[in-house]
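One structure below.
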Amino acid sequence: MISSLAGTLAASSALRAEIDVQGVTYEALVPATTAERLPAPGAKVRLHTCVVYREDSQTLYGFLTPEDRDFFRLLIEQVSGVGPKLALTLLSRLPRTNLEAAIRNGDVAVLAKCQGIGKKTAERLVLELRGKLGPSGPGDGPATSVVNAAPPRQDAVAALLALGYKVEEAEKAVARAAVRLGPDAATDALVRQALAG
């Protein structure tokens, strides 16, 4: 597996970069957020890469940071219905830190604004990834959502999602239940209260 390429930037466009590594030129697909930060052709550059193998092709994807590369990998390996093309679109629309913050905060509206991501896919991103992301970084903004709340509230939201609730509905129902029952309410009590309305 090729995990990174270091060489001279031979050429680049909005979604593509060509890296000359000792006379061999590698072409990598890159998100727009990476392409806009690339140096001018002729400069030294390192791309952290992910290779996706298909029956009829092998495609190299490149990113300026290992964190962006790992997030891309997480998208294509952990979220059903999200392939490399859609993951590249997501990372082209918003920087990774913004995407991670939206997922942590259950902000379906922000995710759904990305081309090719409908409300259902946005909800799936939140459901399947929020437990797999590490703690918020300093630039991720305040923890204002139930997603960043105490574990009983997170578990109650997860239980409602399993029952078919939408992310926003589940979070609002659990927030209302928490107001009624107090900050120390257990998960099962929150779920019962949320279901009762």
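Residues of segment 154-192 that are over 21 Å from LYS120 (Cβ atoms) and either exposed (fewer than 15 other Cβ atoms within 10 Å of the Cβ) or in the same structural domain as ARG124 (by TED's automatic domain parsing) (or both): ARG176, VAL179, ARG180, GLY182, PRO183, ASP184, ALA186, ASP188, ARG192. Scan segment 70-100 residue by residue and report those that are modelled with pLDDT under 90, among the small types (Gly, Ala, Ser) and part of a helix (DSSP H, G or I). SER92 - this is the single residue of segment 70-100 that is modelled with pLDDT under 90, among the small types (Gly, Ala, Ser) and part of a helix (DSSP H, G or I). When we screen ALA35, ALA43 for residues that are in contact (Cβ under 8 Å) with a residue 12 or more places away in the chain and surrounded by fewer than 11 Cβ atoms within 10 Å (Cβ to Cβ), the only hit is ALA43. Checked across segment 54-77, the condition of being within 21 Å of LYS132 (Cβ to Cβ) and touching a Gly at 6+ places or on another chain (Cβ under 7 Å) holds for at least one residue.
The values are calculated or read from the model by the stated rules, or taken from the named source; none is laboratory data. Since this is a predicted model, take the numbers as computed values, not measurements. No Cβ is skipped: glycine too gets one built from the backbone with ideal geometry, and neighbour counts run over all protein chains shown.
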